Structure formats: C-alpha cells, structure tokens
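> My structure is below; once you've seen it, I'll send some questions.
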Amino acid sequence: MASGFFALLDDIASLMDDVGAMSKIAGKKTAGILGDDLAVNAEKASGFISDREIPVLWAITKGSFINKLIILPVAFLLSAIFPIAITVILVLGGLYLAYEGAEKIHEYIFPHKHPKAERVNTHLSKKEILSVEEKKIKSAIITDFILSVEIVIIALGTVIKQPLGTQVMVVSIIALLATVGVYGIVALIVRMDDLGLKLISLNGKKRSITNAIGRFLVAALPVVIKSLSVIGTIALILVSGGIFVHNLEWLHHWVDGIPSILGEFITGTVIGFLCLLAVMLFKKARKAFRQG
C-alpha cells in the first residue's frame, strides 16, 4: 500500500518535471505572439475615461478567460480527430487580423469624412459612453480570441507528441499565463498616469526621485498610448503574415530567402489590403443593389 502511494507520488513528480520542461519550450515558442498580443490588446484597451479603464479592462480580461475555456477543449478535440481544421481556423483568423490591420492603415492614409455634427459633439450621454465601451470591448475580445487561437495552437504544436495529460497541462499553463501576463501589463500601462501623480504627491519637494519618476510617467503616457496604435497595427500585420507563411506551404516558398519578419509583414500587408478591397467592393455592391 505504502509502496504504491510513493510510486504514485513519483509518477506525479515525473509528470510535473515533464510539464515544467515542456512549458519552458512552449513559452519560448509563443514569446513572439505574446509580444504581439500585448501590443494589440494594449491599444484596444486604451482610450477610455480614467475611472472606466480598469472596469473595461476587467471586462476584456473576463472575455479572454472565456475565450480560453472555449478554445482549449476544441483545440484538443480537433487536434485528435480532425487536424486540418486547426489550419483552416488559423488561416480564417489570419484573414480577419490582416483586414483589421489594413483597415487601420487605410484610415490613417485616407481618413474617413465624419459629419460636422459628429465632430463637435463632445458631450456624450452615459448611455452613449457605455455603447462606445461595449463596442470596443467586443472588438477587443474578438481580436483576443483570434490571437488566443494562435497561442494555443503554437503551444499545442510543441507538445503534440507528448501524452494527453502533458498536453492539457502545458497548453493550459501557457494560456493562463498569456491572459494574466498580458492583461496585467496592459493594466500597468493604462494606469501609468495615476501612478505618476501618486508619486508626485508623496512629498512637496520638486527635486526628489519620486517626483522625477512621477513626472516622467505622466509625460510618457501620451507617447506610449499613441505608439500603441502604431505598434498594434504592425502587430496585427505581423501576426496574420506569420499565420499565412507558417500554415500555407506554397506561400512559404514565395517569401523564402528574405528575412522572416519582412516576409511576414509583406504577406500580411498584401493579403490584408486584398481583404479590405474585397470588403469595400462588397459594401459598394450591396449599397448599389439596395438603391436599385
């Protein structure tokens, strides 16, 4: 009885060693996509009223946890019985990310013309503010879902030859760390100014370390927020390009021989603008059909 118990403990210890080792490998494999995930979600979670930032971020974080709960079992099931479905899902997600990135670039180059009344309307009702928040939260959760699929699939690929128990534990750990780590850092970014003001108010001395750090954080926040939009757009393009290059062999051969990051950026940009063109033509055709 005792020997059986200790044998069980030994098996558990061995399993945890395997899980720890494979988690390190999976973490390294997903490090790049996690960086892109951070940039994209930080840009998505910014731009809210100060006292609404944390509630909105918490709503996005809860959505991210739900995304993982949906993705993980489906990924394990599809990987076991229908592996090709994983590639199809990744490519479809890549099309969405590429389109979103191209749309942002198009909007920057050719800003949409807004009605005059919309530009001068700076006083929104509580209902309108909540409506804007809800739209941004939904957009952030959809983007998180696609990026989460990529993270889970990459992590799953590193342990695909391991026993099912190891696969489940390793991929679940990576998924959990992705959510907690990414949104924890995002929370720090969006609250930089509040932290800076608290440091400034610690003492009345202008020449102090806390005052200097506080003023730096307050001054740096606008720069960080503006940069996040650019970084997030580039990240969308790179993530989508990486999905296409790594999952479509014929496309991989086309960009072979040039730096991978450049190949992924070119691929994501070209496909993104093709998707944007297709969507714009579809909208025009639908509008003409309705008017006719």
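> What shape does segment 170-238 take by its C-alpha gyration tensor, where a ≥ b ≥ c are the square roots of the eigenvalues and a/c under 1.5 counts as rounded, a/b above b/c as prolate, and the rest as oblate?
oblate
> Still on this model: Dividing the alpha-carbon Rg of segment 212-292 by 2.2 N^0.38 Å yields what?
Normalised by 2.2 N^0.38 Å, the Cα Rg of segment 212-292 equals 1.64.
> Spin-label point model (7 Å from Cα, Cβ direction): what's the Leu251 to Val223 distance in nm?
With each label placed 7 Å out from Cα toward Cβ, I get 3.6 nm.
> Could you give the alpha-carbon Rg of segment 142-292 over 2.2 N^0.38 Å, rounded to two decimals? Walk me through the numbers before you get to the answer.
Details: Rg = 22.4 Å, N = 151, 2.2 N^0.38 = 14.8 Å.
In units of the globular-protein estimate, segment 142-292 measures up at 1.51.
> If you don't mind, another one. What ³J(HN,Hα) values, in whole Hz, does the Karplus curve 6.51 cos²θ - 1.76 cosθ + 1.60 give for segment 130-137 when θ = phi - 60°, with x put for Gly and Pro?
5, 5, 5, 4, 4, 5, 5, 5
> Test of understanding: what is the full-extension gain from Phe282 to Ser260, defined as 0.36 nm times their sequence separation minus their Cα-Cα distance?
4.7 nm
> Heavy-atom accessible area per residue, segment 147-194, 1.4 Å probe: how many Å²?
Each residue of segment 147-194 exposes 39 Å² on average to a 1.4 Å probe.
> So which of Lys127/Lys284; Lys206/Lys226; Lys62/Lys284; Lys104/Lys283 end up more than 26 Å apart, counting from Cα to Cα?
Violating the 26 Å limit, Cα to Cα: Lys127/Lys284; Lys206/Lys226; Lys62/Lys284.
> For a Förster distance of 25 Å, can you work out the FRET efficiency between the beta-carbons of Val91 and Gln162, rounded to the nearest 0.05?
In this case the efficiency is close to 0.45.
> Ranked by accessible surface with a 1.4 Å probe, highest first, in what order do Tyr183, Tyr108 come? Provide the component values of the computation, followed by the final result.
Values: Tyr183 10, Tyr108 190 Å².
Largest accessible area first, the list is Tyr108, Tyr183.
The values are calculated or read from the model by the stated rules, or taken from the named source; none is laboratory data. In this text the structure is predicted, and so the values were computed from the model without any measurement. For neighbour counting, all protein chains shown are included, and Cβ atoms are generated from backbone atoms with ideal geometry for every residue, glycine included. Each accessible area value is taken on the protein alone, full model and side chains, heavy atoms only, with ligands, DNA and RNA left out. Shrake-Rupley method; radii C 1.70, N 1.55, O 1.52, S 1.80 Å.
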